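What follows is a set of notes on a single structure, which appears directly below.
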Amino acid sequence: MNNLTKSGRLKPLLWLAVVTNARFESLLKEILPQRRNPLLDLDAVMSFADKNFTYDHHSASLKASSLHALEQRSGHCSDYHGFCAAMGRVMSLPTRVTYGLNPFPKASPSHCKLEVFLPPYGWVSFDVSETQKLTNTMRGETTLKDAQKEDLVRAAHERLIGGFRDNTWILQTRGTDYDLIPRAAARVAVVRTLYAEADGVPLPDPDPSNSEETRFAWMTSHRFTSDVTAPYAFKDAGSLRIED
């Protein structure tokens, strides 16, 4: 599939999410001059995203767009994981983006993760963007010594590649590029919230955390209460295990 214009720019494939092309193949050769094993190779791709991508509410596709991530190097969880899913497919690894809900007060409860099929374990879950946010928080912690920060960053990374499953995250959908029933105007990249059209035109589905957005097709009003406190595993270093 040729996704480039004559000028070398990406064509606007808005109806596709996880797309691969020659640019992904070229980048993979830069990241991995020599292939090792599936998990180590995937680790190299996720580490590249961690070092080179910026989490940004104002520059996000909200559609798991691997093309957006490749060109902008910024965005939301879906951009991080759409990119890693595309790179995994270049490595011949089955991948998918999974969307779910975190029951914590925030602008939008939706959040996505990456799943990769790694024999003999099956589908393994990874959360690159939240791990990056957690490690950035720990690196900026003024009460810790540098050695303590690096120990925590290492522990967060080991938890990531270990396939950590966040039990406060509720699975909603798996995959991208849906053919909906009733039929939508085009294939829908991801289903993370309400999808709605008016006269065949999709209503806007922007990021609620983007202060510049004022039009929405949906908004959520939610309050979650529980008899048992469930701390968010990516909020701070409290859930990380540090070996003595």
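Can you compute 3J(HN,Hα) from phi for each residue in region 64-77, using the Karplus curve 6.51 cos²θ - 1.76 cosθ + 1.60 with θ = phi - 60°, rounded to whole Hz and x for Gly and Pro?
6, 6, 5, 5, 4, 5, 5, 7, 8, 6, 7, x, 9, 3
Using the structure shown, list the pairs from 29/145; 106/149; 29/106; 113/145; 29/149; 29/63 with a Cα-Cα distance above 29 Å, or answer none.
29/145; 29/106; 113/145; 29/149
Taking the dipole about the Cα centre of region 115-244, with the C-beta of Lys and Arg at +1 and of Asp and Glu at -1, give me whichever of 153, 132, 196 is farthest to the positive side.
196
Determine the gain in length on full extension of the stretch residue 31-residue 51; use 0.36 nm per residue of separation and subtract their C-alpha separation, reporting nm with one decimal.
Going from the current span to full extension adds 6.0 nm.
What does the convex hull of the alpha-carbon atoms of region 86-244 project to on average, in nm²?
13.5 nm²
Is there a quick way to get the dipole size of the chain? I mean about its Cα centre, with the Cβ of Lys and Arg at +1 and of Asp and Glu at -1; what is the value in debye to the nearest 20?
560 debye
For the residue pair residue 214 and residue 181, what label-to-label distance in nm results when each label sits 7 Å from Cα along the Cα-to-beta-carbon direction?
The answer from the label model is 4.1 nm.
Each value in this text was obtained by applying a stated rule to the coordinates, not by laboratory testing. Only a predicted model underlies this, so the values are computations on that prediction, with no experimental measurement involved. A quick note on method: Cβ atoms are made from the backbone with ideal geometry, for glycine too, and the neighbour counts reach across all protein chains shown.
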